Amino acid sequence: VAADLTLLGFAGSLRRDSWNRSLLSAFVRHAPEGTTISSYPLGDIPLYNADYDGDRRPEVVRAMASAATSADGLLFVTPEYNWGVPAVTKNVIDWLSRPMREGPIWNKPMAIATIGPGPGGGRHMLGHLIETLGVLSPNLFPAPLALAGVSDQLLTLDGTIVDADLGRRVEEWLIDVCSHVRATAASS
Ligand SMILES: Cc1cc2nc3c(=O)[nH]c(=O)nc-3n(C[C@H](O)[C@H](O)[C@H](O)COP(=O)(O)O)c2cc1C
């Protein structure tokens, strides 16, 4: 039996009631067959500092990098802050991008999802994040999942999808992401 495909997810919001962490929890629950999706906790990750990179990397950063290296693909599930990428998300990317061209994010298959209560669906942030991740890897899944106008009629805090249409949309998206990760991981 082939080993499961593994996807490691990062939620770009630290607050307890984060919609983005709820969506990542929903991904964990709805992982397609033959796939394991896990959520990596970011609460203890310090801000990137080049003085503490390389051999001086904090143990928590080392552990995160090693989890990213082992995963077949990465999922960034992040809010939009001020039309841009929140520091929490960018901080993960910056740590994982070192050493240059060798850090675990380089050439990784990746996908982006964003969710929020507002009507915009993260569309201003997506361009920035796609540009950044596109520099680091040719294997970014080209269709981000962007969910606007979320409420607890659609998704609950623990990652239970209440709305059937949303459930289908999430499951179809995850299947497409996993096919992309399988195809690009095999070719890289
Ligand atoms: C500092 C800050 C900036 C924000 N900027 C935007 C924005 O530019 N566009 C938007 O649609 N929502 C914006 N929001 C609203 C967030 O999308 C909303 O708070 C969302 O629920 C945050 O994600 P979370 O629930 O995972 O924490 C902003 C929220 C904060 C706290």
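The values are calculated or read from the model by the stated rules, or taken from the named source; none is laboratory data. The model shown is predicted, which means the values in this text are computed figures rather than measured ones. Heads up, the Cβs are rebuilt from the backbone with ideal geometry, glycines too, and the neighbour counts pull from every protein chain shown.
What to note about this one:
- Condition met for residue 182 (farther than 27 Å from residue 44 by Cα, in contact (Cβ under 8 Å) with a residue 60 or more places away in the chain and surrounded by fewer than 18 Cβ atoms within 10 Å (Cβ to Cβ)): yes
- Residues of the range 26-43 satisfying the condition of being in a loop (DSSP other than H, G, I, E, B) and farther than 17 Å from residue 67 by Cβ: 30, 32, 33, 34
- Looking across 23, 7, one residue alone is surrounded by 13 or more Cβ atoms within 10 Å (Cβ to Cβ) and either within 16 Å of the ligand (Cβ to nearest atom) or part of a loop (DSSP other than H, G, I, E, B) (or both). It is 23.
- Checking the stated criteria, residue 43 turns out not to satisfy the condition of being within 16 Å of the ligand (Cβ to nearest atom), surrounded by 14 or more Cβ atoms within 10 Å (Cβ to Cβ), at negative phi and among the small types (Gly, Ala, Ser).
- Subset of the range 83-136 [within 11 Å of the ligand (Cβ to nearest atom), touching a residue at least 60 places away in the same chain (Cβ under 8 Å) and surrounded by fewer than 18 Cβ atoms within 10 Å (Cβ to Cβ)]: 117
- The residues on offer are 59, 80, and the sole one that is at pLDDT 95 or above, of a type in the set (Asp, Glu) and away from the ligand (no atom under 16 Å from the Cβ) is 59.
- Residue match in the range 145-154 (condition: within 13 Å of the chain's Cα centre (by Cα), within 11 Å of the ligand (Cβ to nearest atom) and surrounded by 21 or more Cβ atoms within 10 Å (Cβ to Cβ)): no
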